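*Asks:* Sending over a structure as C-alpha cells; questions will come in a sec.
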Amino acid sequence: MKTKFLLLFTLVTSFAFSQRITESIPSKKLGGERTFTVSLPGNYEADVEKKYPVLVLLDGEYLLNPFEGNLKYGNYWDDLPETIIVAINQNYGEQRFDDSDYDQTGLPSGKGASFFEFIGFELLPYIEGKYRTQPFRIIAGHDTTAGFLNFYLYKDDPVFNAYISLGAELAPQMITRVAERLPLIKKPIFYYHAIGQGDLTDINEGAKALDKMIASIPNKTFNYRFDQFKGASHYSLVALAIPQALYFIFDGYQPISMMEYKEKIATLDKGYTQYLIDKYTKLEEKFGLKLKPRLTDFKAIEAAILKNKAYFELQELGKYADKHYPKTTLGTYHQALYYEKSGEFKKAIKEYRKGYTLEEIREITKSFMLDKAESLKGKEDASTVEEYVEPAPEEGSEEKKEGE
C-alpha cells in the first residue's frame, strides 16, 4: 500500500509540474545564451486551438512560484485567464544588476541596453513563434528589475501592455520621463506598482513621487493603480501585491457575478443581450482575448430577460448563441423559449423538437428539449408575434453609398 501511495504521489506531482520547460536560446544582443523557464497552462496540450497572454517575469527564479500559484488559483475559479509565463533567470552573481544597468542620464546602457533589446528583439519573437500566444503581454519585476521594466514605457509603441512594478528602485529622471510618456501612448496600458510600508525610505519616496506625478494623467486608455501595504517589508509586499496586480489588470474578465447581475443587469430597462455582447467585445478590445461567452453568462442574461419580461430579446440571445455555439441546443432553446413565453406554443413545440438533432450543451439535453415540447402539447396559441429579424439599414444609406 505504501509503495502504491508513493507511486501515485510521484505521478501526481510529476503531472503538476510537467508544464514547466527550461529553455536556453543564443543571443546576439547578450553575446551568449540566456536561460529561462516557460510555464504553460495545464490545458495547453489538450486545447490545441487556444491562445494565451504572455507574462514575462524578471527575477524569474523567485517570482515564478507566487505568480504561477495565483494565476492557477484564479483560473480555477475562472477569475483569471490561463497565461503563458516566461521566467527569466537572473539571480546568479551580479546578473540582475548588470541586466538593469543605466548611465548617469538614467537611460539603459551597457549590459542593460543589451538586455533591454534581448527581451524585445529576441525573447518575445522566440516565445511567440514557438507557443500559441495572444497579443497581450505583461512584464513584472522586483526592486532593481521593477525599475528596469519602466524603460519600455519610453517607446512610442511599448512592447508590453501591462506593467507590474514591486518595490521599484527607479533610475534618474525616471519619474519625470514615465509621467511624460504615459499620456502620449495610444494603446491601452495597465500600470500597477506597490510598496511596503516597511521598505527602504528611498524606494517608498520614489514610488510616492511617481504616484503623485501619474495619478491624474488625462488618458482614457491608461489604467493605473498604486498600493502601499501596511506593515509589509520589501519582500512580504510581493506576496500581497501579486493577486492585487493580476485582478487589477484582468478586471472585467470574470464571469457575471451576483453583484454585477443585481446592480448592472437586472436594473436595465432593455439591452440585456447587448450587455453580454458588449462584455465580450470589450474583453477582446482590452486584452486581445478572443473568448467564447460563458454559458453561465448566457444563463444570467436569460434570467434578466425573463425577470423583466423582455421576451423579444430571447431571439437576439439565441442568434448570439448560434454564433458562438453553432449546432448546439443553446440557440434553439432560446428561440423556443421566446415562442413559449409569447404564447406561440405550436412554434415553440417545433423549435424544442429541433433539439433532438443538435449537440447537447450542459443541462439543455435532447431529453430536456423533448420534455419541454411535450409539456406544451394541447395548449392554444395566445398571441401572434413576429420573428426576430436583423435591423434594417437607415433610410437613404444605400443611396449615400452609391453617391460616395
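*Asks:* Which of (1) surrounded by 16 or more Cβ atoms within 10 Å (Cβ to Cβ); (2) free of Cβ contacts under 8 Å to residues at least 60 places away in the same chain; (3) in contact with a strand residue (DSSP E or B) (Cβ under 8 Å, 6 or more places away or on another chain) is the odd one out, the single condition Glu360 does not satisfy?
*Replies:* Only one criterion is unmet by Glu360, namely (1).
*Asks:* Would you mind stating whether Ile127 is farther than 24 Å from Gln244 by Cβ and of a type in the set (Val, Ile, Thr)?
*Replies:* yes
*Asks:* Inside the range 233-278, can you point out the residues that are closer than 25 Å to His324 by Cβ, in contact (Cβ under 8 Å) with a residue 12 or more places away in the chain and of a type in the set (Ser, Thr, Tyr)?
*Replies:* Tyr253, Tyr261, Tyr272, Thr273, Tyr275
*Asks:* Please specify each residue of the range 53-80 satisfying the condition of being in contact (Cβ under 8 Å) with a residue 12 or more places away in the chain and farther than 18 Å from Tyr247 by Cβ.
*Replies:* Val54, Val56, Leu58, Asp59, Gly60, Glu61, Tyr62, Leu64
*Asks:* Another question, if that's okay. Might you check whether a residue that is free of Cβ contacts under 8 Å to residues at least 40 places away in the same chain, buried (at least 17 other Cβ atoms within 10 Å of the Cβ) and assigned to a strand (DSSP E or B) occurs anywhere in the range 191-203?
*Replies:* Scanning the range 191-203 turns up at least one residue that is free of Cβ contacts under 8 Å to residues at least 40 places away in the same chain, buried (at least 17 other Cβ atoms within 10 Å of the Cβ) and assigned to a strand (DSSP E or B).
*Asks:* Further question: Determine which single condition Thr281 fails, assuming it passes every other condition in (1) β-branched (Val, Ile, Thr); (2) in a loop (DSSP other than H, G, I, E, B); (3) without any contact (Cβ under 8 Å) to a residue 24 or more places away in the chain.
*Replies:* (2)
*Asks:* Still on this structure: Does Glu374 count as surrounded by fewer than 18 Cβ atoms within 10 Å (Cβ to Cβ) and at pLDDT 95 or above?
*Replies:* yes
*Asks:* List, please: which pairs have Cβ atoms under 8 Å, are six or more places apart or on different chains, and start with a residue in the range 155-169 that is assigned by TED's automatic domain parsing to the domain that holds Lys286 and end with one that is assigned to a strand (DSSP E or B) and crowded, with 24+ Cβ neighbours inside 10 Å?
*Replies:* Nothing qualifies.
*Asks:* When only residues in the range 185-213 that are touching a Pro at 6+ places or on another chain (Cβ under 9 Å) and β-branched (Val, Ile, Thr) count, which is farthest from Ile242 (Cα to Cα)?
*Replies:* Among those residues, the one meeting the criterion is Ile185.
*Asks:* Hey, among Pro183, Pro188, which residue is at pLDDT below 95 and either among the basic types (Lys, Arg) or touching an Asp or Glu at 6+ places or on another chain (Cβ under 9 Å) (or both)?
*Replies:* Pro188
*Asks:* While we're on this one: Of Asn65, Asn70, which residue is surrounded by fewer than 17 Cβ atoms within 10 Å (Cβ to Cβ), of a type outside the set (D, E, K, R), under 26 Å from Phe250 (Cβ atoms) and at pLDDT 95 or above?
*Replies:* The unique qualifying residue is Asn65.
*Asks:* In this structure, does Gln228 turn out to be within 14 Å of the chain's Cα centre (by Cα), polar (S, T, N, Q) and closer than 23 Å to Gly69 by Cα? Break it down stepwise before answering.
*Replies:* Details: within 14 Å of the chain's Cα centre (by Cα): no; polar (S, T, N, Q): yes; closer than 23 Å to Gly69 by Cα: yes.
No.
*Asks:* Can you tell me which condition Leu289 does not meet? The list is (1) of a type outside the set (Ser, Thr, Tyr); (2) in a loop (DSSP other than H, G, I, E, B); (3) over 20 Å from the mean Cα position of the chain (by Cα), and all the others hold.
*Replies:* Unmet condition: (3).
The values are calculated or read from the model by the stated rules, or taken from the named source; none is laboratory data. A quick note: this is a predicted structure, and the numbers were derived from the prediction, not measured. Cβ sites come from the backbone with ideal geometry, for glycine too, and all protein chains shown count toward neighbours.
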